[in-house]
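Q: First, the structure itself, so that you have it in front of you.
The values are calculated or read from the model by the stated rules, or taken from the named source; none is laboratory data. Everything numeric here is computed off the predicted structure, so don't read it as measured data. Virtual Cβ from ideal backbone geometry, glycine too; neighbours counted across all protein chains shown.
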Amino acid sequence: MAEDVNELTASSCGSDPRAATCRGKLQNRRCKLNQEINKELRLRAGAENLYKATTNRKLRDTVALELSFVNSNLQLLKEQLAELNSSVEIYQNDSHESIMPMIPLGLKETKEINFLEPFSDFILEHYSEESSIYIDAIADITDTRQAARTPTRDLQGVSLLFRYYNLLYYVERRFFPPDRNLGVYFEWYDSLTGVPSCQRTIAFEKACILFNLGSIYTQIGAKHDRTSEKGLDAAVDSFLRAAGIFRHIFDTFTNAPSMDLKPQVLDFFVSLMLAQARECLFEKLQLQIESLALRNSSHLYKDLGGEAAQLSFEYNEMHKNIQSNETHTYLPECWAGLVPLKAEFYKALAHHYESKSLNSKEKSKDKSQSKPKIKKNPTIESFIDDEDNLDNSHSATALKLAHIKESLASHEEAQRLQRMCRYLKNKASLISVLRDAHYRTRDELEKFEEEKIIEEIEEDFDLIEVSIDACSKFTLSLTGPDFTSYKVDDPFKKLGPIAIFSARRHWTAPRCVRLQKGSSSLYSDRGICHCYSSSNESHKSDCSKSDQETKDSNYDNAESFGFHIRGDAPAIISHVEMNSLADLGGIKEGDFIVEISGIDVKWYTHQQVVRIIQSAGSTLELKLITPMDRNYLKPMSSKGSISTLSAASSSGVSSGSSSPTGTTSKPKTRIKGTKSRLGSLSSSTWNPFRRTHSLGKIF
């Protein structure tokens, strides 16, 4: 039991913001930068308004000078935020080997919100219940949101964000009506620009929580040990989950107010995560080939070359997209520079492994199966009739040398891009990866120079231009968010079933009705109440003969209260007998029964409500509410039906005033004995307590 409590506490708490971890320091710095950017934006907005409003020339010059200072400060703060987003090496694994860094995303920051006051007022106003009963539930939601601001970078942090996201479903249904503002505003800072955005909708809160969830997965994926196959598999899974979450935001949420939730940026995030997952698969294939250490592994190297070419193609397409839609202006310079760098790097690896797949001693038929597509130089193509006229040995060697030359050129271009980007030139791990790969390719070229093979194939080499077709054996599919794996209970279950007792529904305040049976009753009938189950529409209030005989035998001395019920959770008054105790007590057809004799029955089934009424004896105390909208009642028409209006006053006393929702017609459902009895009553002497036809009970 103690272990379960500890696990629950750990999953509902975020990381300590005072912890002196590298990532914790980055997030604290991000929070301060966001607040400073928000302050400068407000100063700029005020200065711009003053500049437009004033006609004093001297004041306008002063305000213009202040505006220049504010804009300079904003630019510096945004550069600091970009530098913060460029700190990718902090999120990488602590292994000593050099690995290509992955791009993780930073978390969105938000301000603290206290739900206690607005939710308590809404419970008292809308649900007419004592809000003190739900203080613990409101406090739990507030604490969960506070913890979700600083989630841990592991599966517990993921569980915390999923839990809060699922709680928002109940919060939205219970407390956010579509027709008015509750007074709760959600303010989140853009993770890319630091600009705050504020909305009152739960949809914005959900989108921001999902963004942080995807960011957590990117940080987890970058943190995995990529020197082992197990770590690479875990990294692939994390990046695919992140891509699935960003795709879910892209497909579900529209009109995003912040740049990091715009469709073009989310599309870039999805492409980036898929490419990084493919990178991990490429590295896994590298490990497998190195562990096999086969002599005749030309086809395996060819597979590696195809995978690297596919990576180069994806990063090139990504770079073209962000340049075409100006997304690069909002992305950190580190990310925008790393994308084309990786495109050149994997192009170099593709040519490197393609050269290793070639063997100059292979026969011509084997060579034709493994060699890539050859493009002849168009300036001298007329001098060659057929490439097969070349000597087989020289042709294979020339192809290999051509791939090495292309690989070396791409490596040099990747190193140039790394030096040109101010956020990449100090990344030690990246520098080491690029340098080692460049050395390996240069060593291959030096072997040709030592053996003086270049001089022999110089004529053949000048005629060859090589390229590699992108191909991959791996098919990647997005892993969408699995909300059902993190189920939560409704913290406001006591309010009643959420389909009825929600912020969208409107009803009158609860009123208490006390029915007392006695010898002075207008009439009596066998059985306490007549009812039918809501799960079987064909089963009406008329009971079968056997059921009626059972009721007659069990309740010979019982007198009827004069109403019928139907439905489960909550039970609904389906019919009220005219001039009965229920009729005189103000019970109306369509009323919800929320309490019987002090027992909350909002969640009770039909049979449970029937048993409580049957055991009530001669006195029955009910608490009822009258819905203001009748959408849940199916309109029924009949010749004998009467369409009227009715409502209940909030004081608990029945009133004949009109309801604001209109009318709904339903047929009278009475047993034969009741009809004959009512017929005799209608022809009897005038009753001062009898309602007129305009105040009938049939809706």
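Q: Taking the options Ala277, Ala308, Ala243, name whichever one is outside the structural domain of Phe186 (by TED's automatic domain parsing), buried (at least 19 other Cβ atoms within 10 Å of the Cβ) and either touching a residue at least 60 places away in the same chain (Cβ under 8 Å) or part of a helix (DSSP H, G or I) (or both).
A: When all the criteria are applied, what remains is Ala308.
Q: Determine if segment 526-546 includes at least one residue that is over 30 Å from Gly617 (Cβ atoms), assigned to a loop (DSSP other than H, G, I, E, B) and either at pLDDT 50 or above or among the charged types (D, E, K, R) (or both).
A: Yes, because at least one residue in segment 526-546 is over 30 Å from Gly617 (Cβ atoms), assigned to a loop (DSSP other than H, G, I, E, B) and either at pLDDT 50 or above or among the charged types (D, E, K, R) (or both).
Q: What are the residues in segment 575-631 that are touching a helix residue (DSSP H, G or I) at 6+ places or on another chain (Cβ under 7 Å) and over 16 Å from Cys512 (Cβ atoms), if any?
A: Val576, Glu577, Met578, Asn579, listed by residue number.
Q: With the condition kept exactly as written, say whether any residue in segment 74-81 is modelled with pLDDT of 70 or more, within 30 Å of Asp154 (Cβ to Cβ) and not acidic (Asp, Glu).
A: Yes, some residue in segment 74-81 is modelled with pLDDT of 70 or more, within 30 Å of Asp154 (Cβ to Cβ) and not acidic (Asp, Glu).
Q: Shifting gears a bit: Does segment 222-240 hold any residues that are within 22 Å of the chain's Cα centre (by Cα) and closer than 17 Å to Leu476 by Cα, and which are they?
A: Within segment 222-240, the subset within 22 Å of the chain's Cα centre (by Cα) is 222, 234-240.
The answer is Ala234, Ala235, Val236, Asp237, Ser238, Phe239, Leu240.
Q: Next up: For segment 336-452, list the helices (runs of 4 or more DSSP H) that sit wholly inside it and hold at least 3 residues that are surrounded by 18 or more Cβ atoms within 10 Å (Cβ to Cβ), assigned by TED's automatic domain parsing to the domain that holds His319 and modelled with pLDDT of 50 or more; which are they?
A: Helices (runs of 4 or more DSSP H) meeting the threshold: 392-420, 428-450.
Q: A further question on this structure: Is it fair to say Asp237 is closer than 25 Å to Val488 by Cβ and of a type in the set (Asp, Glu)?
A: Yes, satisfied.
Q: So in segment 227-254, with the set limited to residues that are polar (S, T, N, Q) and out of contact with any helix residue (DSSP H, G or I) (no Cβ under 7 Å at 6 or more places or on another chain), which one is farthest from Arg153 (Cα to Cα)?
A: Just the residues of segment 227-254 that are polar (S, T, N, Q), to begin with: 227-228, 238, 252, 254.
Remaining after also requiring out of contact with any helix residue (DSSP H, G or I) (no Cβ under 7 Å at 6 or more places or on another chain): 227-228, 252, 254.
On the way: Thr227: 20, Ser228: 21, Thr252: 25, Thr254: 28 Å.
Out of the qualifying residues, it is Thr254.
Per-residue answers, yes or no, for (1) at pLDDT below 90; (2) outside the structural domain of Phe269 (by TED's automatic domain parsing); (3) in contact with a Lys or Arg (Cβ under 7 Å, 6 or more places away or on another chain):
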site: Leu116; (1), (2), (3): no, no, no
site: Phe119; (1), (2), (3): no, no, no
site: Leu124; (1), (2), (3): no, no, no
site: Ser131; (1), (2), (3): yes, no, no
site: Asp136; (1), (2), (3): no, no, no
site: Thr144; (1), (2), (3): no, no, yes
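Q: Which condition number in (1) assigned to a helix (DSSP H, G or I); (2) under 17 Å from the mean Cα position of the chain (by Cα) is the one that Pro151 fails?
A: (1)
Q: Only residues in segment 173-188 that are assigned to a loop (DSSP other than H, G, I, E, B) count as the first member; pair them with residues that are of a type in the set (Gly, Ala, Ser), Cβ under 9 angstrom, at least 6 apart or cross-chain, and list the lot.
A: Phe176/Ala503; Pro177/Ser502; Pro177/Ala503; Pro178/Ala503; Leu182/Ala503
Q: Could you pull out the residue among Thr227, Thr193, Thr218 that is in the same structural domain as Ile245 (by TED's automatic domain parsing) and either buried (at least 21 other Cβ atoms within 10 Å of the Cβ) or free of Cβ contacts under 8 Å to residues at least 40 places away in the same chain (or both)?
A: Working: Thr227 fails: either buried (at least 21 other Cβ atoms within 10 Å of the Cβ) or free of Cβ contacts under 8 Å to residues at least 40 places away in the same chain (or both); Thr193 fails: either buried (at least 21 other Cβ atoms within 10 Å of the Cβ) or free of Cβ contacts under 8 Å to residues at least 40 places away in the same chain (or both).
Answer to the check: Thr218.
Q: Could you go through segment 626-647 and let me know if any residue there is in the same structural domain as Pro510 (by TED's automatic domain parsing), at pLDDT 85 or above and either out of contact with any strand residue (DSSP E or B) (no Cβ under 7 Å at 6 or more places or on another chain) or of a type outside the set (A, V, I, L, M) (or both). It would help to see each step written out before you state the result.
A: Step one: list which residues in segment 626-647 are in the same structural domain as Pro510 (by TED's automatic domain parsing), which gives 626-647.
After this cut, where a residue has to be at pLDDT 85 or above as well, the list is 626-627.
This time we only want the ones that are either out of contact with any strand residue (DSSP E or B) (no Cβ under 7 Å at 6 or more places or on another chain) or of a type outside the set (A, V, I, L, M) (or both), so: 626-627.
Yes: segment 626-647 contains one or more residues that are in the same structural domain as Pro510 (by TED's automatic domain parsing), at pLDDT 85 or above and either out of contact with any strand residue (DSSP E or B) (no Cβ under 7 Å at 6 or more places or on another chain) or of a type outside the set (A, V, I, L, M) (or both).
Q: Please count how many residues of segment 24-52 are among the aliphatic types (A, V, I, L, M), modelled with pLDDT under 75 and either more than 14 Å from Thr193 (Cβ to Cβ) or surrounded by fewer than 17 Cβ atoms within 10 Å (Cβ to Cβ) (or both).
A: Final tally of qualifying residues: 1.
Q: Evaluate the following for Asp303: is it over 19 Å from Thr479 (Cα atoms) and part of a helix (DSSP H, G or I)?
A: Here the answer is yes, as Asp303 does meet what is asked.
Q: Is there a residue in segment 173-187 that is modelled with pLDDT under 95 and under 28 Å from Cys334 (Cα atoms)?
A: So in segment 173-187, the residues modelled with pLDDT under 95 come out as 173-187.
Restricting the remaining residues to those that are under 28 Å from Cys334 (Cα atoms) gives 187.
Within segment 173-187, one or more residues are modelled with pLDDT under 95 and under 28 Å from Cys334 (Cα atoms).
Q: Test each condition in (1) over 30 Å from His403 (Cα atoms); (2) crowded, with 16+ Cβ neighbours inside 10 Å; (3) modelled with pLDDT under 90 for Phe492 and report the one that comes out false.
A: Unmet for Phe492, out of (1) over 30 Å from His403 (Cα atoms); (2) crowded, with 16+ Cβ neighbours inside 10 Å; (3) modelled with pLDDT under 90: (3).
Listed here are the residues, each with its yes/no results for (1) under 17 Å from Leu232 (Cα atoms); (2) of a type in the set (S, T, N, Q); (3) crowded, with 16+ Cβ neighbours inside 10 Å; (4) without any contact (Cβ under 8 Å) to a residue 12 or more places away in the chain.
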residue: Phe282; (1), (2), (3), (4): yes, no, yes, no
residue: Leu285; (1), (2), (3), (4): yes, no, yes, no
residue: Ser291; (1), (2), (3), (4): yes, yes, no, yes
residue: Lys302; (1), (2), (3), (4): no, no, yes, no
residue: Ser312; (1), (2), (3), (4): no, yes, yes, no
residue: Asn316; (1), (2), (3), (4): no, yes, yes, no
residue: Ile322; (1), (2), (3), (4): no, no, yes, no
residue: Asn325; (1), (2), (3), (4): no, yes, no, no
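Q: For residues that are under 20 Å from Glu117 (Cβ atoms) and of a type in the set (Ser, Thr, Tyr), scanning just segment 142-163, find the one that is surrounded by the fewest Cβ atoms within 10 Å (Cβ to Cβ).
A: Among those that are under 20 Å from Glu117 (Cβ atoms) and of a type in the set (Ser, Thr, Tyr), it is Thr142.
Q: How many of the residues in segment 583-606 are without any contact (Cβ under 8 Å) to a residue 24 or more places away in the chain and not in a loop (DSSP other than H, G, I, E, B)?
A: Count: 1.
Q: Okay, moving on. Buried (at least 19 other Cβ atoms within 10 Å of the Cβ), β-branched (Val, Ile, Thr) and closer than 24 Å to Gln35 by Cα, is that true of Thr201? Outline the logic, then answer.
A: Numbers: buried (at least 19 other Cβ atoms within 10 Å of the Cβ): no; β-branched (Val, Ile, Thr): yes; closer than 24 Å to Gln35 by Cα: yes.
So Thr201 fails the test.
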